[in-house]
Amino acid sequence: TDIENIMIFKKQIIKKIGLVELVKVTEKPEHIGGLKTLKEWLDRKQKIYKNLELAQKASVDIPKGVLLVGMPGCGKSLTAKACASIFSLPLLRLDMGAVFGPYLGQSEENIRRVIKLTESIAPCILWIDEIEKGFAGVRGEGSSSEVTTRIFGTILTWMQEKTSPVFVVATSNDISLFPPEFLRKGRFDEIFFVDYPDAEVLRDIINIHFRKRGWNIKLDEEKLLTLCSKLAKRNFSGADAEALVVETIESIFLEKLQNGLDANDIKETVNGDEIIKTLEKKSSEIKPIGEAKKEYIEKIREIFNKYAFKNAN
């Protein structure tokens, strides 16, 4: 079809330039636990993108993008990937490290090429992961800092003035590296703070990861919620919850295998209580970063609260 031919052509352009990666997406909104406010906001924006001609005739501004800031392992990157499914658009991932070149003027030329490429591919999603790493040293001293500052300025101007349907999703764990103008309204349509999940969201995340792996065994929701309340107090992230599910399934599999069960029979012999007990046991063996660095986490929360970002949950 014409659409398939266009996509093949676009892939060839992306591969030739090499500064951005076309991400193959399998993530969907239902794979994200919690983040209800953020998902509802994205759903509103995708309706504009899916009706661009009508929106432009009605003088509706094309959504510029969103900045997701907050705790590591809590769904920022997952949401960026899911945006491609929500918007039904190709997802380009920008590696800021690839932009910086050793030769005079190369870095500035690279960022201009990235902007030109994304606009030629549009409509599309541009994902800038851990954007703060690319702009560390802005406003510092030395030639490398001057280059970074110029690239930073180029991106800011483009984001402020762009009219092409390129929806930018930027993710960041540490916003203290950014100058204040980056967080000003107009660069992004909204800035969301992604905190550690509460007990109910952790329960949803655990259920999601069991289902993704074909383990559709009914669990006692109250017992699971009680366990998740303990995990939430330890600052378990979504990534920690996934690791817990992986460890639980592996532990049960190896135990059943040792007892001589055939692989096809393993799921049929497992019950909900057995899974809950294994989850409890394995959770005590996982040391989440959020528990190990509680003082650091509270400091980060204070910074985010100062800016009064919208809570993704």
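The values are calculated or read from the model by the stated rules, or taken from the named source; none is laboratory data. Quick caveat: nothing in here was measured; it's all calculated off a predicted structure. Here the Cβ positions follow ideal geometry from the backbone for every residue, glycine too, while neighbour counts run over all protein chains shown. Remember, those area values only see protein heavy atoms, side chains included, never the ligands or the DNA or RNA. Shrake-Rupley method; radii C 1.70, N 1.55, O 1.52, S 1.80 Å.
Structure notes:
- Taking Cα atoms only, the orientation of helix 294-307 departs from the longest principal axis of the chain by about 40 degrees.
- Of the residues GLU146, GLU119, GLU200, the one that moves most in a GNM of the chain with alpha-carbon contacts below 10 Å is GLU146.
- Here the chain is treated with +1 on each Lys and Arg Cβ and -1 on each Asp and Glu Cβ, and its dipole about the Cα centre works out to around 780 debye.
- Listed residues GLU181, GLU53 arranged by accessible area, highest first, probe 1.4 Å: GLU53, GLU181
- All other residues whose Cβ lies under 13 angstrom from that of SER77 are scored, Lys and Arg at +1 and Asp and Glu at -1, for a net of -1.
- Kirkwood Rh, Cα atoms: Rg over Rh of segment 59-98: 1.02
- Counting charges near LYS162 (Lys, Arg +1; Asp, Glu -1) among other residues having Cβ under 14 Å from its Cβ returns a value of 0.
- When the residues TYR103, TYR296, TYR196, TYR307 are ordered by accessible surface, computed with a 1.4 Å probe over the protein chains alone, the sequence from largest down reads TYR103, TYR296, TYR307, TYR196.
- Using alpha-carbon coordinates, inclination of helix 272-283 to the longest axis of the chain, degrees: 60 degrees
- Based on DSSP H segments of at least four residues, each scored -39500 (n - 2.57), the chain has a per-residue ellipticity at 222 nm of -17500 deg cm²/dmol.
- A value for Kirkwood radius over Cα pairs in Å was derived from the coordinates, and within the list (i) 22.3; (ii) 21.6; (iii) 20.0 it appears as (ii).
- Each residue of segment 111-116 was assigned a 3J(HN,Hα) from its phi angle through the Karplus expression (A = 6.51, B = -1.76, C = 1.60, θ = phi - 60°), giving 5, 5, 5, 4, 4, 4 Hz with x at Gly and Pro.
- Kirkwood Rh in Å, taken over segment 188-313 so that all alpha-carbon pairs contribute: 16.0 Å
- With DNA, RNA and ligands ignored, accessible area of ASP43 (1.4 Å probe; Å², nearest 10): 60 Å²
- Debye log10 I(q)/I(0) for segment 89-132, one point scatterer per Cα, at q = 0.13, 0.18, 0.19, 0.33 Å⁻¹: -0.30, -0.55, -0.61, -1.16
- Protein heavy-atom accessible surface, 1.4 Å probe, per residue over the chain: 52 Å².
- DSSP bridge orientation in the chain - percent antiparallel, rounded to nearest 5: 15 percent
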